[in-house]
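Student: One structure, as structure tokens, below. Some questions next.
Bear in mind that the values in this text are calculations on the coordinates, not laboratory data. The structure displayed is predicted, hence computed values, not measured ones. We place every Cβ from the backbone using ideal geometry, glycine too, and count neighbours over all the protein chains shown.
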Amino acid sequence: MLRHLTTTILGQRLRSAVGGDVLRRMYHERVVDHYNNPRNVGSFDKNDPNVGTGLVGAPACGDVMKLQIRVDEESGKIVDACFKTFGCGSAIASSSVATEWVKGKPMEEVLSIKNTEIAKHLSLPPVKLHCSMLAEDAIKAAVKDYEAKRSKSNGSQDAEPLGKAADA
Amino acid sequence: MWKKKLYSSSQISAILSRSVASTNFSSSISISHCCNSSIFNSSSLFPSSSSSFFGRAQGKPFHSGRGLFFPTSISNLTRDNASFLRYENLFCSLSKSDEKYHCWNCGANADNSTPFLFCEACRSVQPVNESTDYFQIFGLGREYKVKVEELEKKYKDWQKKLHPDLVHSKSQREREYAAEQSARVIDAYRTLTDPLSRAIYLVKLEGVLVDEEERITDPELLAEVMELREAVDEAEGTRALNEIQVQLQEKLRYWSNSFEDAYLNKNYEDALASIRRMTYYKRTNEEIVKKL
């Protein structure tokens, strides 16, 4: 009887966790596709001045997500992106989709990518919505990192003439 | 999912006697919401602030440590104000010395020194009392450090009395009690044996909940975890994996101690930080175990 009790409880939890065609499939096709055919998995050189690295995590599930962008200095467009995610299938798929969507776009535009779009594209169930939030955070973090790097290198260039002006 | 239903209870005694025969329990009640939480928008119905109600799934009257309670709903509230029941402070003023539990079967008084899961006088399983926390079930105080061997012994002792297999010949009611009570003891045992779940439960008892959807950007922690996960991913052979495991055990030990210190000093921010770290290390360890 105890077994029956626990299986019904578990069964209910499964059903409420996954939307759509529940009992046969737990992950949407697109999620499975990203998992089986990973695109843009990899790493860029963190110290490359044209690379922005976004590192975010969800401690409650033990997920960690790294998303990197390579930006063309002149046009301000993202020419390449890669990711590395340790976590559930939804987290991996979300970051994979994020890298696909940022490629070829200007930096300002990718900041408007919303987690709801990613979640819709992957048909994520409510319990996995935070994975798409994580991907959105990763994009923003990568852009922020790139801008910080750029302003730092620009800052050091500006500091010299300021210093000279002060001396003079 | 859980609807709050109201019973306009004019025939109290009739309902009381009926409800004793068939009660049903839901484990979704939250004891921490004291009598001060008012879930009704019409305050005139409850002139004294000492009344409070809890919603129950089935809408049946249920038994709790203090007496019988009737599920309520807002929609029916206005219909029958006059005969509405008013209850004394329910859980607010609960203290161990005040509680007088009686066996539902033989009426014997409970011994307040141990949690009342089982009546020794008539050997019958008692209904689940949500106010008994997991530590109390195992006769422990709310401390982080526990002796796991002692936990196992106590767990087996309880199951010798509560297991559903022992109540096949008993009433339907007692069989239900046995199912829920032993499930709770199993939950308690699992929660307390694992250091991380124990830590999370300890702070939960203090009202501090771990946010399931929290996202962090702490570069140092994340870089470290990333490195560890990559190392596990790339490790070839049992020896390499075992080396990483040793590192992880060391870190878990360190942050376990850190959690305990933070908890004892009521520094719940640090306690949560320790819990985060332990979660990451535990996940990494699970990945190693999968690979081994």
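Student: Please state the relative contact order of the range A:37-163 as a whole percent: Cα pairs under 8 Å, 6+ residues apart?
Tutor: This gives 28 percent for the range A:37-163.
Student: For the range B:121-252, calculate the relative contact order in percent as a whole number, restricting contacts to Cα pairs under 8 Å that are 6 or more residues apart.
Tutor: Taking the mean separation of contacting Cα pairs over the length of the range B:121-252, I get 24 percent.
Student: Right, here's the next one. Put a dot 7 Å past each Cα toward the Cβ at B:Val146 and B:Asp211; how far apart are the dots in nm?
Tutor: 2.8
Student: Could I have the simple spin-label model distance between B:Asp261 and B:Glu224, label points 7 Å from Cα toward Cβ, reported in nm to one decimal?
Tutor: 1.3
Student: Could you pull out the pairs from A:Lys114/A:Lys144; A:Lys103/A:Lys128; A:Lys46/A:Lys120 whose alpha carbons sit more than 22 Å apart here?
Tutor: The answer is A:Lys103/A:Lys128; A:Lys46/A:Lys120.
Student: Per-residue mean of other chain beta-carbon atoms within 10 angstrom of the beta-carbon, peptide B:213-223?
Tutor: Mean partner shielding for this stretch: 6.
Student: Here's something else I'd like to know. If you consider only alpha-carbon coordinates, what radius of gyration and Dmax does the range B:151-292 have, in Å?
Tutor: 19.5, 60
Student: Placing unit charges on C-beta atoms (Lys and Arg positive, Asp and Glu negative, everything else neutral), compute the dipole magnitude of the range B:113-237 about its Cα centre in debye, rounded to 20.
Tutor: My answer is approximately 1400 debye.
Student: Assuming R0 = 56 Å, what is the FRET efficiency of A:Tyr35 and B:Ser169, from their Cβ-Cβ distance, to the nearest 0.05?
Tutor: Step by step, r from the Cβ atoms, then E = 0.65.
Student: Now for a separate question. Along the charge dipole of the range A:17-141, Cβ charges K/R +1 and D/E -1, which of A:Met65, A:Leu124, A:Phe44 sits furthest on the positive end?
Tutor: Farthest towards the positive pole: A:Leu124.
Student: Given 25 °C and 0.890 mPa s, compute D for the range B:186-244 with the Stokes-Einstein relation, Rh being the Kirkwood radius over Cα pairs; round to the nearest whole µm²/s.
Tutor: The estimated diffusion coefficient comes to 170 µm²/s.
Student: Quick one: net charge around B:Val289, please, counting Lys, Arg +1 and Asp, Glu -1 for every other residue with C-beta under 15 Å from its C-beta.
Tutor: It works out to a net charge of 0.
Student: Any idea which of B:Gly139, B:Val210, B:Val167 is furthest toward the positive side of the dipole for the range B:129-281, if Lys and Arg beta-carbons carry +1 and Asp and Glu beta-carbons -1?
Tutor: B:Val167
Student: OK, next. So which GluC sites (Glu not before Pro) in the range B:190-292 pass both tests, a DSSP loop state and at most 12 other Cβ atoms within 10 Å of the Cβ?
Tutor: Answer in residue order: B:Glu212, B:Glu236.
Student: Using alpha carbon centroids, what distance separates the range B:215-280 and the range B:134-173, in Å?
Tutor: For the range B:215-280 versus the range B:134-173, the Cα centre distance is 31 Å.
Student: Taking the Cα centre of the range A:84-147 as origin and charging only Cβ (+1 Lys, Arg; -1 Asp, Glu), how large is the dipole, in debye to the nearest 20?
Tutor: Taking the Cα centre of the range A:84-147 as origin, the dipole is about 200 debye.
Student: Another one. Under the Kirkwood approximation applied to all pairs of distinct alpha-carbon atoms, what is the hydrodynamic radius of the range A:39-156 in Å?
Tutor: 14.0
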